[in-house]
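The values are calculated or read from the model by the stated rules, or taken from the named source; none is laboratory data. Just so you know, these numbers come straight off a predicted model, no measurement behind them. Here the Cβ positions follow ideal geometry from the backbone for every residue, glycine too, while neighbour counts run over all protein chains shown.
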Amino acid sequence: MFADAQALFSSGDTAKAAARYEEAAHLRPDSALVHRELGKCYSRLGQRARSQQEYRRYLELAPDATDAAFYRSILT
């Protein structure tokens, strides 16, 4: 499911990718990576509030991620 979502996102089908990532998030709610990728989808879809919500969840789950500073900067 995650791989399908990645492929959809890479091909430009962001809405379908978001739907797949949502499915993945239901199966793996504590997956930081899923929430980060959902944030990217919602950002690309112009859904800023949802994007920020997903980035916050990503940072809660992976506060020491190598890209954490980047996502914190998006939220400020």
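State yes or no: is Y21 touching a residue at least 12 places away in the same chain (Cβ under 8 Å) and touching a Leu at 6+ places or on another chain (Cβ under 6 Å)?
The answer is yes for Y21.
Okay, residues lined up against (1) at pLDDT 95 or above; (2) in a helix (DSSP H, G or I); (3) under 19 Å from I74 (Cβ atoms):
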| site | (1), (2), (3) |
| --- | --- |
| A5 | no, yes, no |
| F9 | yes, yes, yes |
| G12 | yes, no, no |
| A15 | yes, yes, no |
| Y21 | yes, yes, yes |
| H35 | yes, yes, yes |
| C41 | yes, yes, yes |
| A49 | yes, yes, yes |
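Considering (1) in contact with a helix residue (DSSP H, G or I) (Cβ under 7 Å, 6 or more places away or on another chain); (2) farther than 16 Å from A5 by Cβ, the lone condition that S73 does not fulfil carries the number (1).
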